[in-house]
Amino acid sequence: MASKEYAHPESLVSTDWVAQHQNDPTVRIIESNEDVLLYDTGHIPGAVHVDWRRDLNDDVIRDYLTPEAFAKLASRIGITPDTVLAFYGDKSNWWACYAYWVFSLFGHKHLRIVNGGRDKWIAEGRPLTKDKINYPATSYPAPPRRLDEKIRAFQADARGHSDSHKPLIDVRSPGEFKGEITHMPEYPQEGVLRGGHIPGAHGVPWKTAVNADGTFKSADELKKIYEDNLNLKTSDDTIVYCRIGERSSHTWFVLTQLLGFTNVRNYDGSWTEWGNSVRVPIEKGA
């Protein structure tokens, strides 16, 4: 298990923990990657795949799946509201944290992130398989509602934070924050017209929270980054954002689960929405 130094140490599990719980019927291991084809090349034995595009997003409107669709997804992967879900994936767990955040929108209580993700599992020489497992379907009850108001921010919320100088954290790269580039160098341009950041936002790249192997830094190191350097308090009404909400899900996890911040929302519309919106101000530079 993770160190007790974190605010919610139960939210972070080790690769050893995963190896010990691969056949535990009360646990479901879930792989969620940016590269949706990666799972088929080899995954942790017993793990199921959650495709962030197909499974978590509505394919008609720019929104997440409904409570009824979430219940169908949960039933298909064979879980109940009491199942412990351990998420892992590529890119230092960007999309694992994104899936964790979306499952949180529907109130699933027992959620974990595998520290170091897919890369750490492979680096340790642990087994992968191409075999897909089909667990018996369950009858997961549809949640009464999606908890958007609790952990999700919209453009109007971000605009309100900007206008009232409340904490806004931009977790993109320094070049994106400054407006020198509109996307990460190794990624395609996804249609955003303007570069820069939301006025008043603090630029704190997501990767400042992780070690070279993709594991999370210690609580003391994280406190220096977010509390000491930014003068944030764990009770502050804080909004995090990036390009489409995946990197900011990672920072949302750090703030809420590892540091114990109690009022953090992820602006999933992020820069692809803000940077393209008419009559919405931006800032450039550091």
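Answer yes or no: is there a residue in segment 236-254 that is surrounded by fewer than 20 Cβ atoms within 10 Å (Cβ to Cβ) and closer than 28 Å to Ile122 by Cβ. Reasoning before the result, please.
The first filter runs over segment 236-254 and keeps only residues surrounded by fewer than 20 Cβ atoms within 10 Å (Cβ to Cβ), leaving 236-237, 244.
Narrowing further to those that are closer than 28 Å to Ile122 by Cβ: 244.
Yes, there is a match, as at least one residue in segment 236-254 is surrounded by fewer than 20 Cβ atoms within 10 Å (Cβ to Cβ) and closer than 28 Å to Ile122 by Cβ.
Would you point out the residue of segment 234-256, among those that are assigned to a strand (DSSP E or B) and hydroxyl-bearing (Ser, Thr, Tyr), that is farthest from Ser270 (Cα to Cα)?
Applying the first criterion (assigned to a strand (DSSP E or B)) to segment 234-256 yields 238-241.
Adding the requirement that they be hydroxyl-bearing (Ser, Thr, Tyr) leaves 238, 241.
Details: Thr238: 14, Tyr241: 5 Å.
Taking the candidates together, the pick is Thr238.
Among the residues of segment 104-152, count how many are among the polar types (S, T, N, Q) and touching an Asp or Glu at 6+ places or on another chain (Cβ under 6 Å).
Pass one, segment 104-152, residues among the polar types (S, T, N, Q): 104, 115, 129, 134, 138-139.
Retained after the next criterion (residues that are touching an Asp or Glu at 6+ places or on another chain (Cβ under 6 Å)): none.
Qualifying residue count, segment 104-152: 0.
Considering Val18, Val84, Val50, which residue is touching a residue at least 24 places away in the same chain (Cβ under 8 Å), buried (at least 17 other Cβ atoms within 10 Å of the Cβ) and touching a His at 6+ places or on another chain (Cβ under 8 Å)? Walk me through how you get there before you give the answer.
Details: Val18 fails: touching a His at 6+ places or on another chain (Cβ under 8 Å); Val50 fails: touching a His at 6+ places or on another chain (Cβ under 8 Å).
Checking each option against the conditions leaves just Val84.
For the subset of segment 126-156 comprising residues that are among the β-branched types (Val, Ile, Thr) and assigned to a loop (DSSP other than H, G, I, E, B), which member is surrounded by the most Cβ atoms within 10 Å (Cβ to Cβ)?
As a first pass, look at segment 126-156 and keep what is among the β-branched types (Val, Ile, Thr): 129, 133, 138, 151.
Remaining after also requiring assigned to a loop (DSSP other than H, G, I, E, B): 133, 138.
Numbers: Ile133: 12, Thr138: 16.
By that ranking, first place goes to Thr138.
Looking only at segment 183-199, filter to residues that are at pLDDT 70 or above and over 21 Å from the mean Cα position of the chain (by Cα); which one of those is surrounded by the fewest Cβ atoms within 10 Å (Cβ to Cβ)? Write out each step before concluding.
First, the residues of segment 183-199 that are at pLDDT 70 or above: 183, 192-199.
Filter once more, keeping what is over 21 Å from the mean Cα position of the chain (by Cα): 192-196, 199.
Working: Val192: 18, Leu193: 9, Arg194: 14, Gly195: 18, Gly196: 21, Pro199: 15.
Restricting to residues being at pLDDT 70 or above and over 21 Å from the mean Cα position of the chain (by Cα), the top hit is Leu193.
Working carefully through the options Arg159, Arg112, find the one that is basic (Lys, Arg), assigned to a strand (DSSP E or B) and either outside the structural domain of Val27 (by TED's automatic domain parsing) or closer than 23 Å to Arg247 by Cβ (or both).
Working: Arg159 fails: assigned to a strand (DSSP E or B).
Testing whether each residue is basic (Lys, Arg), assigned to a strand (DSSP E or B) and either outside the structural domain of Val27 (by TED's automatic domain parsing) or closer than 23 Å to Arg247 by Cβ (or both) leaves just Arg112.
The values are calculated or read from the model by the stated rules, or taken from the named source; none is laboratory data. This structure is a prediction, so every number in the text was calculated from the model and none was measured. All Cβ positions, even for glycine, are placed from backbone atoms using ideal geometry, and neighbour counts span all protein chains on display.
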